[in-house]
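Nothing in this text is a laboratory measurement; each read-out follows from the coordinates by a stated rule. Note that this is a predicted model, so its numbers are computed, not measured. For neighbour counting, all protein chains shown are included, and Cβ atoms are generated from backbone atoms with ideal geometry for every residue, glycine included.
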Amino acid sequence: NLEAVRANEEYMKQPVTIKLFKDNGKYRDDVYVSVNEKSFLIKRGAEVTVPRFIEEVLKNSLSQDEYVASLVEKLQSDYEKTL
C-alpha cells in the first residue's frame, strides 16, 4: 500500500533526541552514521537530534554487537569445555 509506505517514510524522518554512551575507553569517539548518502557525526555523551532512521540504525548496530558478544561467549565456553 503506497499510503502506508509514505506514512512510514514520514515517520522515519521525524526528529528524535538521542544520547550515546560515552566513557574514556572504547566508547569515547564520536559515531559516524551514513544512510543513503545522508551522513551524521554523532557526538557521544551529548543529547543530539537526528532523524528516527538514524536512531534505528544505531539500535540495530547495538543489537548486532550484543548478539556477537553472546555468540563469542558461548563459543569460548564450548571450547573451554573441550580442554
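Relative contact order, whole percent, for the chain stands at 28, derived from Cα pairs under 8 Å and 6 or more residues apart.
A Gaussian network model of the chain, with springs between Cα atoms under 10 Å, assigns the largest mean-square fluctuation among Leu58, Leu71, Leu20 to Leu71.
Restriction of the trypsin sites (Lys or Arg not before Pro) in the chain to DSSP coil positions whose beta-carbon has at most 16 other beta-carbons within 10 angstrom yields Lys22, Lys26, Arg28, Lys43, Arg44. Dipole size of the chain about its Cα centre, with +1 on Lys/Arg Cβ and -1 on Asp/Glu Cβ: approximately 240 debye, rounded to the nearest 20. Restricting attention to the chain, the count of lysine pairs at 8 or more positions apart or across chains with alpha carbons under 18 Å apart stands at 10.
Note on Val72 and Asn36: their simple-model spin labels are 3.3 nm apart, each label 7 Å out from Cα toward Cβ. Quick check on the chain: take the gyration tensor over C-alpha atoms, sort the square-rooted eigenvalues as a ≥ b ≥ c, and tell me if it's rounded (a/c under 1.5), prolate or oblate. Oblate shape, in that a/c is at least 1.5 and b/c is the bigger or equal ratio. What is the helix-to-structure angle for 52-82, meaning the angle in degrees between its Cα long axis and the longest Cα principal axis of the chain, kept from 0 to 90 and rounded to the nearest 10? On a 0 to 90 degree scale, this one is about 10.
Sparse packing (at most 14 other Cβ atoms within 10 Å of the Cβ) combined with a DSSP loop state is found for the following chymotrypsin sites (Phe, Trp or Tyr not before Pro) in the chain: Phe21, Tyr27.
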